[in-house]
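Enquirer: First, the structure itself, so that you have it in front of you.
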Amino acid sequence: MTSADTQRPKRPRTKPPEERRDDLMNAAQRMFIEHGVNHTTVDQITNAAKVAKGTFYIYFNSKEDIHAALASRFVEDYVRKVRAEINNESEDDFAGRLAAWVGASVDGYLNDPPLVDMLFHKHPQIPNGNLTSKIVSPLEELLSSGQQSGAWSIRSPRFVAVYLYSALHGVIDDLIFSSNPITKRKLINEIEMLSWRVVGLAA
């Protein structure tokens, strides 16, 4: 190796596409929360991500596209954490597994209110059946398993899963905008009792 070779500057390493995409999404999330989706520009996102503007359009078609990607990422993270909490409970403890769904779901929405507000309130997503199916899937699977094991008797696990999820989400929305605060622990306890009653378990 010559001295010229040792002195030649190394080329900067380029990030993998997945990491570059995450950088753009993280930057967009910060900008959307700080300025709002409508008042954020693609230039602001790419500047925050420290990439060229053209890089944005390699991964996304528009601000709406990246906003939808953020909603999908939120749902995927939510589902992963909910499944983990449910699976921490004994397989035959269906009351405990349903309570685990409640606790993990409440945490999923209340641990980052500004993100939830930006994604689903200030700039709500167009209703997406695929996202709804993903977000209720852990509960639907739990209800189906309980039905097969005789833990409860319900006509349609899917219907009850959507009903319970929608009720939980509505209560959390009300809490976020309410002037009457309630502790998270009390909220979880109330939703647990109501969820048990819906499936026919003693509260």
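Enquirer: Can you check how the C-alpha radius of gyration of the range 55-175 compares to 2.2 N^0.38 Å, as a plain ratio?
Expert: Numbers: Rg = 15.9 Å, N = 121, 2.2 N^0.38 = 13.6 Å.
Ratio of Rg to 2.2 N^0.38 Å for the range 55-175: 1.17.
Enquirer: Something else: In terms of Cα to Cα distance under 23 Å, which lysines are near enough to Lys15, apart from those fewer than 8 places away along the same chain?
Expert: Hits, sequence-local ones excluded: Lys50, Lys53, Lys63.
Enquirer: Can you compute the charge dipole magnitude of the chain about its Cα centre, using +1 on each Lys and Arg Cβ and -1 on each Asp and Glu Cβ, nothing else charged? Give it in debye, rounded to the nearest 20.
Expert: Dipole about the Cα centre, nearest 20: 720 debye.
Enquirer: Straight-line reach only, C-alpha to C-alpha below 22 angstrom: list the lysines that Lys184 could link to, leaving out same-chain residues fewer than 8 apart.
Expert: Within reach: Lys81.
Enquirer: To continue, here is another question. Let me check against my output: what whole-number percent is the relative contact order of the range 80-157, with C-alpha pairs under 8 Å and at least 6 apart?
Expert: Relative contact order for the range 80-157 comes out at 25 percent.
Enquirer: Any idea of the accessible area per residue across the chain, 1.4 Å probe, to the nearest Å²?
Expert: Values: 12100 Å² over 203 residues.
Accessible surface, normalised per residue, equals 60 Å².
Enquirer: Beyond 21 Å, how much of the Cα-Cα pair distribution for the chain remains, as a whole percent? Don't skip to the end; give the middle numbers.
Expert: On the way: 12394 of 20503 pairs.
Value for the chain: 60 percent of Cα pairs lie more than 21 Å apart.
Enquirer: What 222 nm value per residue comes from the helices of the chain, counting each DSSP H run with n ≥ 4 as -39,500 (n - 2.57) and dividing by all residues, nearest 500 deg cm²/dmol? Don't skip to the answer; put the middle values down first.
Expert: Working: 10 runs with 144 residues, N = 203.
The helix-only estimate for the chain comes to -23000 deg cm²/dmol at 222 nm.
Enquirer: Show me, bin by bin at 10 Å from 0, the whole-percent P(r) of the range 9-96 based on Cα pairs.
Expert: Using 10 Å bins, I get a P(r) of 15, 38, 21, 15, 9, 2, 0 for the range 9-96.
Enquirer: Let me ask something else about it. Answer rounded, prolate or oblate for the range 110-203, using the Cα gyration tensor with square roots of eigenvalues a ≥ b ≥ c: rounded when a/c is under 1.5, else prolate when a/b is larger than b/c, else oblate.
Expert: Working: a/c = 2.89, a/b = 1.39, b/c = 2.08.
Because a/c hits 1.5 or more and a/b fails to exceed b/c, the range 110-203 counts as oblate.
Enquirer: With r defined as the distance between the Cβ atoms of Tyr57 and His35 and R0 fixed at 22 Å, what FRET efficiency is calculated, to the nearest 0.05?
Expert: Details: r = 20 Å, r/R0 = 0.93.
The value I calculate is 0.60.
Enquirer: With axes computed from alpha carbons, what is the tilt in degrees of helix 17-35 against the longest principal axis of the chain, rounded to the nearest 10 within 0 to 90?
Expert: It is inclined by approximately 70 degrees.
Enquirer: Heavy atoms only, 1.4 Å probe, whole protein assembly: order Leu115, Leu201 by accessible area, highest first.
Expert: Ranked list, largest accessible area first: Leu201, Leu115.
Enquirer: Under 8 Å for C-alpha pairs, at least 6 residues apart: give me the relative contact order for the range 52-104, rounded to a whole percent.
Expert: Working: 21 pairs, mean separation 13.1, N = 53.
Relative contact order, the range 52-104: 25 percent.
Enquirer: Ignoring ligands, DNA and RNA, please state the percent of accessible area on the chain from carbon and sulfur, probe 1.4 Å.
Expert: The nonpolar share, carbon plus sulfur, comes to 50 percent.
The values are calculated or read from the model by the stated rules, or taken from the named source; none is laboratory data. What you see is a predicted model; the values in this text were computed from it and never measured. A quick note on method: Cβ atoms are made from the backbone with ideal geometry, for glycine too, and the neighbour counts reach across all protein chains shown. SASA here: full protein model, heavy atoms, side chains in, ligands and nucleic acids out. Shrake-Rupley method; radii C 1.70, N 1.55, O 1.52, S 1.80 Å.
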